[in-house]
Structure formats: C-alpha cells, structure tokens
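One structure is given below, encoded as structure tokens.
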Amino acid sequence: MKFQDMPYQRVDFAQVESKMKELMEAFDRAPDGPGQFAVHQQYYGLMDQVNSLVTIGNIRFDVDTSDAFYSGEHEYYDQQLPVLRNLVLEYEKKLYDSPHRAYLEEKIGPVAFRNMEISRKAMDEKLIPLMQEENALVMEYNKLIASAKIDFDGKELNLSLMRPYTVSRNREVRKAAWGKISVFFQENKEQLDQIFDKLVKNRTAQAQKMGYGNYLELGYYRMNRNCYGKEEVEAFRSQVKAYFVPFAEKLHERRRKRLGLEALKLYDESVYFKEGNPAPCGTPEEIMAAGQKMYRELSPETGEFFDFMMANELFDVLGRKTKRAGGYMTYIPLYNSPFIFANFNGTSGDVDVITHECGHAFQGYLSGMDPIREHADITMETAEIHSMSMEFFTEKWMPLFFGERAGDYVDMHLEDAAAFIPYGCMVDEFQHIVYGNPEMTPAERNRAWLDLEKAYRPHLDYDGDPFFAQGGFWQKQLHIYNYPLYYIDYCLAQTCALQYKVKMDGDFVGAWESYLHLCRLSASDFFTNMITEVGLRSPFESGCLKNIVEKLEKYVK
C-alpha cells in the first residue's frame, strides 16, 4: 500500500489498555506453553496495529512540523507512549516469570528474555510523568531546530537547506554560511541551554527513582545494551584514541594539502577537494531511478526491496522549510513497509540516503518477514552495521550518481568514514561526562567539549567563531538531545563496516553473503555473537582497531 493511502486514526489508549488486560488474563489462563504462545501472537497483532498508527502519525508530523493536526497527534503520543511502555512491561513480566518459560524461550529466543530483564531495569510506572516531560522537552528542541529561518543567497533557508553552502567550493561562501548558522545558535543559546539542562536533570531524576546514582546505568538499559557495558565502551574509545585519531589526523593533513590551505578551519571541515565535493549529477527523480538500477543489479533481494519501496512511495526525501531536520528509516509493521525520511539538498548526502538509510530499510524489509517480532528488536550498533556497510557495498555503482567524479566520491567517503569514528567517540565521552556530572553548568559543559576536541580532533580550528569557538558545536548534534548515549553505536558499526570494506575488495561475493547473513540474523542473537558468526572481529577485541588502521593505510597512500 502506498504511504499516502495508509489510513490513520488516533490510537485509543484506553481501549489498548483494556485489550492488554484481556491478553494478560488469557495468558494466565493458558494451560501450557503452546497456549501462552498463541496469546503472545495476539499481542503481536495488537502491537503491530498500535505501532503502525503511531509511526504514520509521527511521520506526517515530521514532514511538516507546522501541521496543527499532526503536531497535536505527536504531542498526544508523547504523553501516552510512556503509559503504553509500562503496560508492555507488565505484560513482559508475565512472559519472563511464566512457568512455561522454557517453551517460550525456545520459540522467541534467549535474547528476547535478556531484553525483558533489561526492560524491567529501565522502566517503572513511577517514571511516567518524568518520561512525558522528557518527551515534551525533546519536541521543544526539535521544533526549535526545525524553525530556523536563515536569510542567505536571497532565500529563506532552514539548517538542512544550508548544507550546500557549508560545503561550497568557494571558501568565502562556506565561511559566510557557517557564520549565519552560528548566529542562529547564538540567538537561541539560552533556550538551547535551558532545554538541555532540564533534560539532564529530568533523566537524572528518572535514574534516581530507579535507584541508580546517575543516568548512565539507566541510559545503557534504555539503549538495550544486552552484551556489553561501560567498561567495554571505554576500552574501545581508548583504542580509538591510540590508533584512529592519529590515522584520522593524517587524513585531515592530506586533505589540507589537497585543498591548498595553510590551516583547516571549521568551514573547511566537510570539504575534500579544491574544485568542491562531488555532487550528484541528476535531479532527485534521477537519483531515485539510479538507486533502483543499482539495487536491481546488486542482488535479487535488494532489487525486490527497492522496487517495493518505489511502488509504494515509501520515501519522503525533498527538503522543505517546515520539515524536521535530519533523516531516518522507520518501519510500519502492518504493511511490512520500511519508510525513509530525509532532506535532499543537492550534496553527496542525497546519495548517502540511498545507501545508508536503504541499508536500514533493506534489513527491516527482510526482518519483517520473520513471524517472531522480537527478532526485529535490533540493538543500535547492529542496525548501523546494516546501513554503514551498504554504503561500501554500493561503491561500484557510484558512476550512476557522480559520473566522472565517482572516484572522488569513493575517496571522500572512505576518509569521512574513518574520520567519523573519533568524532563519534567524542560525542559518547561527552555524554558520559555530562550524565556523570549532572550539576555541570552550560559553560562547564562547553569547556568539557572543547577539552575533548583537543584529544579527538586536534586539527579543528573554529577561527574565533563567537558561538562554536566557545564550545557550543555539540548543540547542533540532535542525538545528544533526542537519543542519549546513542552515538557510540555508529562507531562500533563503522568499525565493522570498514572490515567489510577490506573484505569486499578481496572477495565481493563472499563479503555480500556474510552481510546478507547478518541482516537475516536480525536480533535473533547477541551483537558480539553475530559479528563473530559472520566472520568479523569484535570492536571490543584488543588489537581490532590497530589491525583495521593497518589495512586501511593502503587506501590513503
């Protein structure tokens, strides 16, 4: 079914609560494991209905944040979803404590039961008011970012539509563009600080109500980290500082020379070639058509997937003034339909949507065929392997998008992928500092950010910018506001994706089969087990990062 034809009506949560209680009573009455599993399948049906309607409503709000009706729906769900989450937890407790658990665990897997255990540590009915307040604060931030109206080049632009100017081949243009962006953040600094301060205190209060010292322990549970913890993450960041930061700095130095600059400034950060970054040579419609050709040629599975997406109009990728910033893939279970939301802006990022977000969507399309819904509950570091690896698997088709500059794009993409890992680790360590010290002032947070940049991005020079040079760059990273502790996942995934990059250059077919196997495993096993099963090294393994850097050296010499 086409997205525009998918019916929408507000979820009646009083009715959902009634149905949930009926299911729990039926579950208690079931005489054996098969009987309880039959009830559980009814639960799948109810949750598919609820999640589909909520997702449709939220997408329609994101595509136009000024739409009064869907803005109201979004606010309604922000209030009601914590209530639903508590109901789900109550139901899951019955599965977890069932006398027939052995049968149920055989049907839906041990990972699901580990996740239920984590859910009990992450949620309690007493948190509902605080979670509702947290949702409202996140929405306030997103609306503020989406409301940006920047006068530039004779146009009124939002932050997403400023992107082409920030990577312009003309250095003065991109300097001016960054200056305008800086003004927007400077003008809204007080509100941004207030929102984040409230978020930190709110999340800390939630953690304390659950008996934790600060938000970090609760945050790990909320991210459903079911096979590693803070110690492993800290060890990974140490490997990054030892091996990837020096490697990334070499890449930045090579880029500086290529650009012919004496020093790299903030406004040079995402520019790779003196003649400008490679940009797609077609219209949005031509980009989508090229994507369809690419996926049909890549494999039968990807061809079927992309044809389904196109036929059902499951993309909303054109940038608009009142559209939410950023991009994502989400899933509408009733229709086995992934959906991709993005903001095309004429840069190479448009093609990244067709590779990265389609990596998520392809895996979602495959996992939607699995009747065990828990297998779709992928932890984020696994999900990002699907997307980041697809960026590399599709490189041989880049001439479809970039013409003669396809080689430049491939070089730029590898440099960007490698240089991202230090930045992503910096975001993660910043959040550990912030939530470990919830009483920090805005100025102290900014100083912590600047100190981390010296460790992770020592080349960066803000050129005296009145906002960014004071440590405010983190406030444009929406994950820090919206999804606490969700960023190290990108780094762990990029570490695995770079292993696929090395593998596919030697044996493309073998690498693709490994990737397809990983996609089909979905969440049927733990992250650390699955990557080993498909022939990758764990990012937590000592020497993993050193080995990857040594392998990548050949690409940059």
Among the residues of region 483-506, is any over 23 Å from the mean Cα position of the chain (by Cα), surrounded by fewer than 20 Cβ atoms within 10 Å (Cβ to Cβ) and without any contact (Cβ under 8 Å) to a residue 12 or more places away in the chain? yes
In region 446-468, what count of residues is obtained for those that are in contact (Cβ under 8 Å) with a residue 24 or more places away in the chain and assigned to a loop (DSSP other than H, G, I, E, B)? 10
With T302, T330 as the choices, which residue is touching a Pro at 6+ places or on another chain (Cβ under 9 Å) and surrounded by 16 or more Cβ atoms within 10 Å (Cβ to Cβ)? T330
Subset of region 307-337, residues in contact with a Leu (Cβ under 9 Å, 6 or more places away or on another chain), among the hydrophobic types (A, V, I, L, M, F, W, C) and farther than 20 Å from P7 by Cβ, comes to A325
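Sort out which residues of region 75-108 are open to solvent by less than 30 Å² (accessible area, probe 1.4 Å) and over 23 Å from I378 (Cα atoms), and write them in order of number.
Start the filter on region 75-108 by keeping residues that are open to solvent by less than 30 Å² (accessible area, probe 1.4 Å), which leaves 77-78, 82, 84, 86-89, 91, 95, 98, 104, 108.
Within region 75-108, just S98 meets the criteria.
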Give the residues of region 508-557 that are of a type in the set (S, T, Y), out of contact with any helix residue (DSSP H, G or I) (no Cβ under 7 Å at 6 or more places or on another chain) and in a loop (DSSP other than H, G, I, E, B), sorted by residue number. S542
Among F61, F13, F27, which is among the aromatic types (F, W, Y) and surrounded by fewer than 20 Cβ atoms within 10 Å (Cβ to Cβ)? F13
For F430, indicate whether it is buried (at least 20 other Cβ atoms within 10 Å of the Cβ), over 24 Å from D505 (Cβ atoms) and of a type in the set (F, W, Y). yes
Which of the residues spanning region 305-315 are surrounded by fewer than 19 Cβ atoms within 10 Å (Cβ to Cβ) and under 18 Å from the mean Cα position of the chain (by Cα)? none
Within region 303-320, the residues that are in contact with a helix residue (DSSP H, G or I) (Cβ under 8 Å, 6 or more places away or on another chain) and closer than 16 Å to G346 by Cβ are V317, L318, G319
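Residues L104, L144, L89, L95: which one is in a helix (DSSP H, G or I) and farther than 22 Å from H40 by Cβ? Outline the logic, then answer.
Numbers: L104 fails: farther than 22 Å from H40 by Cβ; L89 fails: farther than 22 Å from H40 by Cβ; L95 fails: farther than 22 Å from H40 by Cβ.
Just a single option satisfies the conditions, and that option is L144.
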Could you give me the residue pairs with C-beta distances under 9 Å whose first residue belongs to region 4-25 and is more than 18 Å from E73 (Cβ to Cβ), whose second residue is among the hydroxyl-bearing types (S, T, Y) and assigned to a helix (DSSP H, G or I) wherever it lies, and which are 6+ apart or on separate chains? M20/Y43; M20/Y91; L23/Y43; L23/Y91; M24/Y91
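So, in region 338-350, exactly how many residues are in contact with a Gly (Cβ under 8 Å, 6 or more places away or on another chain) and either farther than 17 Å from S168 by Cα or of a type in the set (K, R) (or both)?
5
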Within region 31-65, residues being free of Cβ contacts under 8 Å to residues at least 12 places away in the same chain and small (G, A, S) number 3
Going through V200, V111, V183 one at a time, which residue ends up being surrounded by fewer than 16 Cβ atoms within 10 Å (Cβ to Cβ) and in a helix (DSSP H, G or I)? V183
Mind listing just one residue for me: the one in region 203-226 that is open to solvent by less than 30 Å² (accessible area, probe 1.4 Å) and among the polar types (S, T, N, Q) and, of those, farthest from N115 (Cα to Cα)? T204
Does any residue of region 154-172 turn out to be out of contact with any His (no Cβ under 7 Å at 6 or more places or on another chain), without any contact (Cβ under 8 Å) to a residue 60 or more places away in the chain, part of a loop (DSSP other than H, G, I, E, B) and surrounded by fewer than 16 Cβ atoms within 10 Å (Cβ to Cβ)? yes
Condition first: free of Cβ contacts under 8 Å to residues at least 24 places away in the same chain, open to solvent by 10 Å² or more (accessible area, probe 1.4 Å) and over 24 Å from the mean Cα position of the chain (by Cα). Can you find one or more residues in region 511-522 that meet it? yes
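Only one of S66, S18 is open to solvent by 20 Å² or more (accessible area, probe 1.4 Å), at pLDDT below 95 and among the small types (G, A, S); which?
Numbers: S18 fails: at pLDDT below 95.
The unique qualifying residue is S66.
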Six or more apart or on different chains, Cβ under 8 Å: which pairs go from a residue in region 186-207 that's modelled with pLDDT of 95 or more and hydroxyl-bearing (S, T, Y) to one that's crowded, with 17+ Cβ neighbours inside 10 Å and part of a helix (DSSP H, G or I)? Could you list them? T204/Y215; T204/Y435
The condition from (1) touching a strand residue (DSSP E or B) at 6+ places or on another chain (Cβ under 7 Å); (2) at pLDDT below 95 that S119 misses is numbered (1)
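The values are calculated or read from the model by the stated rules, or taken from the named source; none is laboratory data. Only a predicted model underlies this, so the values are computations on that prediction, with no experimental measurement involved. Ideal geometry is used to build each Cβ from the backbone, glycine not excepted, and the neighbour counts take in all protein chains shown. Heavy atoms of the whole protein, side chains included, go into the accessibility calculation; ligands, DNA and RNA do not. Shrake-Rupley method; radii C 1.70, N 1.55, O 1.52, S 1.80 Å.
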